[in-house]
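Where a number appears in this text, it was derived from the coordinates with a stated rule and is not lab data. Predicted model only: the values in this text are computed from it and were never measured. Cβ coordinates were reconstructed from backbone atoms using ideal geometry, including for glycine residues, and neighbour counts include every protein chain displayed.
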Amino acid sequence: MLETGSYAFYFKPGTIMMKAAHYLSLLLLAASSTSLVAQPSAADTATDVAVRRQADIIMLQKTLAEAKAAQNKADLAGAARIYEEAHKLVERVGVGIDLETQETISGLATVRLALAKQAQHRGRFAEADLHVKRALAVDPKNEAALRFKQENDKALRALEGRVPSKEVQAMIPEVQKQKINTATLVQDGKVLYEMGRMEEAETKLKQAIRQDSENQMAFYYLTLIEEGRYAQGARKREISVKNKAVEVENAWLPAIQPETLPQPNPFATTNLVHTGPGRQTIQNKLHRIVLSEALFDGVPLPQVLTFLSEEATRRDPDKEGINFLINPNVTAPSQQSVIDPTTQLPIPAPAPEPLDMNSVIVRINPPLKNVRLADVLEAVTKVADKPIRYSIEEFAVIFAQKTPDVAQLETRT
């Protein structure tokens, strides 16, 4: 190794380069010792320039050797980078190095042309154009590079109007980065939702939707959050209603004194009213199941009951649902009579006409919001275009024709 001033050279012992380096070191030492005695003269300056030029030539030869080694290893990108360094040294040295100059130009043009062919093979015609232009910049008469540029220019013209502009292509990395960021926000919201941290999950998911308004997964988890909040609110409302009912009962319940209690009927064996377990279960479900929306704009009664059955099954915690039936038969009331205005004698009331239950139309519009299933059934009977009623049996809720209550006629005097 030779260190002289700000330069450091590495040579293999016993070679011509080593001898040249030894000679250069003597010159540099002589020049440095002279500079200590007096100001450098024109001869000293010329000697220093010659030494530096010789050092650049040695460095150029070393760089060319490294570039060829990289080229032989098929490291085209590394070889191109080293040849570019060699080309800078050639420009700095100038004349007197024809062999090194030719090797540098030939090697740089060859490597750049090979990189251009690789880029063209991958369909990157713009990148290939940059490489071949660099090859022609150092070797303008390179026939292979000229032919390649003509072919590549033809391919670029063929792609005009079929590929996005460079400005849009430059935006692709940013768009890809944003999509990754949006997907990360959705995953964060999903995990936070599963952890029960609804507020934080909603914040993440809404931020994801602001970045990508078509992100279906973000909308899906936002819907789950809203449904969870609604179910929680429904449970709170149910508890609040029950508590208020208890308060009302307690407020209206008078203090019971033994002497104020009614005397029991000795002939009565029980005072219990029996309601079957099936009917109790259906009644509880009708009051417990809450629909988020009930909208029927001119819908036949069978379709209405089908919708209510599906909603009951979906919202029933037991996933059993409620059976709905339609009774097409006329259930006549007990035999009633009216007064004949002519004879003033009682006569049997006329039987009601049968009703086609499938033709009953239900219209609830605007829709009912956050309503119990029991209230929906009451609303259906009230808004139907024909008189209907429903009854709760042990196994189902049955809809039937509502027969008019016949009032007893009276004679005024």
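Return the loop-located trypsin sites (Lys or Arg not before Pro) in the range 40-111 (DSSP other than H, G, I, E, B) with at most 10 other Cβ atoms within 10 Å of their own Cβ; answer none if there are none.
Filter output for the range 40-111: K73.
When 1/r is averaged over all different Cα pairs and the result inverted, which Kirkwood radius in Å belongs to the range 40-158?
It works out to 15.4 Å.
What shape does the range 166-235 take by its C-alpha gyration tensor, where a ≥ b ≥ c are the square roots of the eigenvalues and a/c under 1.5 counts as rounded, a/b above b/c as prolate, and the rest as oblate?
Cα axes put the range 166-235 in the prolate bin.
Please list, in order along the range 216-223, the HN-Hα scalar couplings obtained from phi with the Karplus expression 6.51 cos²θ - 1.76 cosθ + 1.60 (θ = phi - 60°), rounded to whole Hz, x for Gly and Pro.
For the range 216-223, the Karplus-derived couplings read 5, 5, 5, 5, 4, 6, 5, 5 Hz, x marking Gly and Pro.
Would you pull out the residues with amide H under 5 Å of E393's amide H, same chain only if 5 or more places away, H placed 1.01 Å from N?
Amide H neighbours of E393, under 5 Å, 5+ apart: I398.
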